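Every number in this text was worked out from the coordinates using simple rules, so none of it is lab data. In this text, all values refer to a predicted model and were calculated from it rather than measured experimentally. Here Cβ is always computed from backbone atoms with ideal geometry, including for glycine, and neighbour counts include all displayed protein chains.
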Amino acid sequence: MGISDRYEHVWGVTSLDLNNDGLLDLVYGNWEGNHRMFVQKNGRFENIANKTFESKSKVRTVLSADFDNNGFEEIFFNNIGEPNRLFEYNEFLGVWESKNLGPALEPNGLGTGAVVADLNLNGRLELFISHGESGRQPLTIYENVRNDNNFIRILPLTKFNAPARGAKVKVIQNSRAQIRFIDSGSGYLCQMEPVAHFGLGKNKNVIKVIVEWPDGNKKEILNPISNKTIKVLYWYLKSQIINVLLRPKDLCVHALPIRNAVVVGRAWVEIISTRDTSLK
Ligand SMILES: [Ca+2]
Ligand SMILES: [Ca+2]
Ligand SMILES: [Ca+2]
């Protein structure tokens, strides 16, 4: 398959469609080794990581998420004892570029794990970083700079109404399709929210959402309302739109209390309040 990479040690791994061809690709970070961007081509994988992306680091978590809801996922590297990294897709040039992280750079951060989730239920993803395995540091939460981009969030459920890990979700708009998998996480000791979060950019019209469960059951939702979270039930043809979905405490990051998170300044990212009583 072209991904044996037998001399490296993987820590964080995520899957996303790197080249927007509708096929999921593979990104992972090697501990103090070259990082990889493997694109699917003709049943095999080809590494397309450039020099900046592949440069070695003490990586823990690698995750992909559309932080600015522009319709293209970013890739975040949480490193330990050295600056974190963020890469974004330049849709005009078709290349991946390094992006300023602002305070989330955490140059002296002793990162242990990181997750993304819509913690404050405003339709934009926050970045949550835990520290502490190699030294005491507080948790941090970062929110991207606000904009008027649209989004849609899909929560597929099993027949027992549990989150459908392993389900595939596709969102189709006029010009392209986006794809996500509901997975259990992409980093060291981390677990993500079981929601497929899609940024839609300026176009809020969605032609179709297709959910496919691991057992092959499939459901299509035509012309769904955007800027909502949609819970997709396994048994029924009718989908249910909900506004409130997950409590922050449903996230699992080392089981540390989220109330110890600190508030830092505003830059590329801004920090959300953590005073919600549901966090206690
Ligand atoms: Ca692809
Ligand atoms: Ca984006
Ligand atoms: Ca949010």
Task: Taking MET37, MET1 and counting other C-beta atoms within 10 Å, the order from fewest to most - done: MET1, MET37
Open item on the list: Could you sort the peptides 141-152, 189-200 by per-residue average Cβ neighbour count (10 Å cutoff), highest mean leading?
Closed with: 189-200, 141-152
Open item on the list: Let's see if you can work this out: charge +1 on each Lys and Arg Cβ, -1 on each Asp and Glu Cβ, no other charges. What is the dipole magnitude of the range 140-225 about its Cα centre, in debye to the nearest 20?
Closed with: 280 debye
Task: Gain in span if fully extended, LYS159 to VAL10, counting 0.36 nm per residue against the direct Cα distance - done: 50.2 nm
- [ ] Pull up all non-local amide H partners of GLY201: gap of 5 or more, or a different chain, and H-to-H distance under 5 Å with H placed in the peptide plane.
- [x] ASN70, GLY71, ASN150
- [ ] Return one quarter of the surface area of the convex hull spanned by the alpha-carbon atoms of the range 1-119, equal to its mean projected area, in nm².
- [x] 7.6 nm²
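Quick one: net charge around TRP213, please, counting Lys, Arg +1 and Asp, Glu -1 for every other residue with C-beta under 11 Å from its C-beta.
Residues close to TRP213 contribute a combined charge of +3.
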